[in-house]
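The structure appears right after this line, and notes come after that.
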Amino acid sequence: MHRKNIALRSKSLLLECGANFLGCSGHVQKAFRLIEQTKNTYGLDLELLIYTRSEELAHTNLDVGGQYLDIVNINRLFKVLNENGLNFNLALNGSPDFYKHVPLDLKEMNLLEDLCRSGVVAGLRNSVTIADDALLPTIRQEFPELDMIASCISPSYAPNIIDYRRQAAKCSDEGELLISYYNYLYKNYDKVVPVVQLANPIFLKELKLPPSMIATKTITFLNLFCGSINLGRCTRHYAGFNNEIEPNMPIIPEHLMSQKEGLRIDEAISTCTMATDSIKLINRPNDLRAMLKMGINQFKIPARDSHTQDDFRLLCELMMFS
């Protein structure tokens, strides 16, 4: 269905997408084509934040699929994107050891320096997504021109929670711990990607942060689909051990948990038995509409899912009529 010249006030949408969402080559041309089509069809001003990762980097998550580029091609990609006014996000949301803090190595520091310099030359702010909170001070100090994004993995990265439990000993239960931890993330990072189980308006309102902070800093996945209340399951999954549970990790209280809305009830094919297609945000239209009303207009859509183009179309239609 093609809609042109829609007489609606302009709305903005930021989409963080894997580089292969735009195909294997010609990223700049395809990006501008998608921006134009989104404007013409849905009346939305689309901004793209293109990301990828590399198997050559120590802090790469190797258990999520999608596209991996070598360092040479990552350099080429962000430079050509920046030269054409498009931002880039480097995903460093993994670890060589999910049970301890691991410093950035020289290869990663060199790439971050190149990424930072490319953005400065182009008058842009590139970004980096991390799961390990211990990396934040180093990157803030060495590369202040880079925006920092807290990965959805952050609350299931064991060292983060071990450290935070010590600091937040006053928290009386797991729900209070998660609310306190996400307050920390929102106050210390430029953007936050909530874990899908907590990507819902009830949890975001429980943070009791200024509405403008929630609206401008939240990036939510459209098509992740974990339905486990136990973040220890996610810990073991990202460490390469599916369907096991890491002890002493937070358990999400039911009243904060994202609930299925029944738009799609089929189980998704996944290595995790707790994955269910209906937990995806795109399949929770009531939650999505409520979050749009909260001013949230930044979404993330990895290209490893076969429904990505359909998900993006549904998002645009919901935004157009919200």
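The values are calculated or read from the model by the stated rules, or taken from the named source; none is laboratory data. None of these values were measured; they are calculated from a predicted model. All Cβ positions, even for glycine, are placed from backbone atoms using ideal geometry, and neighbour counts span all protein chains on display.
Tabulated data for the structure shown
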item	result
Pairs with Cβ under 6 Å, 6+ apart, first in segment 71-93 and under 15 Å from N20 (Cα atoms) and among the aliphatic types (A, V, I, L, M), second modelled with pLDDT of 95 or more and assigned to a helix (DSSP H, G or I)	L90/L115
Failed condition for N286, given (1) surrounded by fewer than 19 Cβ atoms within 10 Å (Cβ to Cβ); (2) closer than 21 Å to A31 by Cβ	(2)
Residues of segment 217-229 satisfying the condition of being closer than 18 Å to C17 by Cα and either surrounded by fewer than 16 Cβ atoms within 10 Å (Cβ to Cβ) or free of Cβ contacts under 8 Å to residues at least 40 places away in the same chain (or both)	K217
Filtered residues of segment 108-135 (kept if polar (S, T, N, Q) and touching a residue at least 40 places away in the same chain (Cβ under 8 Å))	S118, N126, S127, T129
Subset tally (residues that are surrounded by 15 or more Cβ atoms within 10 Å (Cβ to Cβ) and either outside any helix (DSSP H, G or I) or of a type outside the set (G, A, S) (or both)) for segment 13-29	11
Single condition P194 does not satisfy, out of (1) in a helix (DSSP H, G or I); (2) under 21 Å from G18 (Cα atoms)	(1)
Qualifying residue in segment 276-285 (condition: closer than 27 Å to N188 by Cα and modelled with pLDDT of 95 or more)	no
Output for segment 77-134, where each listed residue is surrounded by fewer than 20 Cβ atoms within 10 Å (Cβ to Cβ), assigned to a loop (DSSP other than H, G, I, E, B) and hydrophobic (A, V, I, L, M, F, W, C)	V102, L124
Single unsatisfied condition, S172 versus (1) in a strand (DSSP E or B); (2) farther than 15 Å from A91 by Cα	(1)
I179 vs. criteria hydrophobic (A, V, I, L, M, F, W, C), more than 27 Å from L48 (Cβ to Cβ), at pLDDT 95 or above and not in a loop (DSSP other than H, G, I, E, B)	yes
Flag if E108 is at pLDDT 95 or above and in contact with a strand residue (DSSP E or B) (Cβ under 8 Å, 6 or more places away or on another chain)	yes
Top-ranked residue in segment 151-199 [being of a type in the set (G, A, S) and surrounded by fewer than 15 Cβ atoms within 10 Å (Cβ to Cβ); ranked as nearest to A275 (Cα to Cα)]	S172
From D133, D173, residue being under 17 Å from the mean Cα position of the chain (by Cα), acidic (D, E) and either closer than 21 Å to N200 by Cβ or modelled with pLDDT of 95 or more (or both)	D133
Out of R289, R236, sole residue that is more than 24 Å from E16 (Cβ to Cβ), at pLDDT 80 or above, more than 18 Å from the chain's Cα centre (by Cα) and not in a loop (DSSP other than H, G, I, E, B)	R236
Enumeration of residues in segment 124-177 that are closer than 20 Å to V196 by Cα, out of contact with any Cys (no Cβ under 7 Å at 6 or more places or on another chain) and small (G, A, S)	A131, A150, S151, S154, A158, G175
Qualifying residue in segment 297-314 (condition: in a loop (DSSP other than H, G, I, E, B), at pLDDT 90 or above and not polar (S, T, N, Q))	no
Sole exception among (1) in contact with a helix residue (DSSP H, G or I) (Cβ under 9 Å, 6 or more places away or on another chain); (2) on the phi < 0 side of the Ramachandran plot for A215, by number	(1)
Segment 137-158, subset in a helix (DSSP H, G or I) and either basic (K, R) or at pLDDT below 95 (or both), residue farthest from G123 (Cα to Cα)	A158
Residue tally, condition over 23 Å from T129 (Cα atoms), touching a residue at least 12 places away in the same chain (Cβ under 8 Å) and not aromatic (F, W, Y), over segment 14-70	8
Subset tally (residues that are over 12 Å from the mean Cα position of the chain (by Cα) and buried (at least 16 other Cβ atoms within 10 Å of the Cβ)) for segment 137-150	4
